[in-house]
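A short write-up of the structure that comes next.
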Amino acid sequence: MRSRHGWFLLMAASVAAIALARCSSSSNPTGPTYGTPTPATTPTPVTTPTATPATTPMTAQGTIAGFAFGSLTVAVGTSVTWMNMDSAPHTATSDASSAFQFDTGTIAPGATSGPIVFNTAGTFPYHCNVHPSMHATIVVH
């Protein structure tokens, strides 16, 4: 009985040695593989962010001609300049009663004022400091 058992162990060891030799053969340089091969992972696509277009600032230009202001209605957030088309200097200056105070300073003939940004809705009366009879309103909606 012992010899049968010994023979069985010898056969099992031989089979294991052959299997081990096959797994480490040169046909598989990475070594033995066991079980089902794992498929290669698919790389996750990289999302390239797109540039958000810059918001174009709203601009408007008021005119001063014939010793009068042109009418002006703009949206909230609009940057307003005044162009002096007269032969005399002018200003665009908010009235004391206006909820939004602004003053362009003196605008020379043929020149354009610096920008005034209107960030609040409303009707804003203004005048020319050089010529107090010149009045107008700017409507912001």
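The values are calculated or read from the model by the stated rules, or taken from the named source; none is laboratory data. These figures come from a predicted structure and were not determined experimentally. Cβ sites come from the backbone with ideal geometry, for glycine too, and all protein chains shown count toward neighbours.
Observations on the model:
- Within segment 101-141, the set of residues being assigned to a strand (DSSP E or B), farther than 16 Å from SER71 by Cα and not hydrophobic (A, V, I, L, M, F, W, C) comprises ASP103, THR112.
One line per residue, one yes/no per condition, for (1) surrounded by 12 or more Cβ atoms within 10 Å (Cβ to Cβ); (2) modelled with pLDDT of 95 or more; (3) polar (S, T, N, Q); (4) in the same structural domain as LEU72 (by TED's automatic domain parsing):
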residue: THR93; (1), (2), (3), (4): yes, yes, yes, yes
residue: ALA96; (1), (2), (3), (4): no, no, no, yes
residue: GLY105; (1), (2), (3), (4): no, yes, no, yes
residue: GLY110; (1), (2), (3), (4): no, yes, no, yes
residue: ASN119; (1), (2), (3), (4): no, yes, yes, yes
residue: THR123; (1), (2), (3), (4): yes, yes, yes, yes
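- Residues of segment 71-100 that are among the β-branched types (Val, Ile, Thr) and either outside any strand (DSSP E or B) or free of Cβ contacts under 8 Å to residues at least 24 places away in the same chain (or both): VAL76, THR91.
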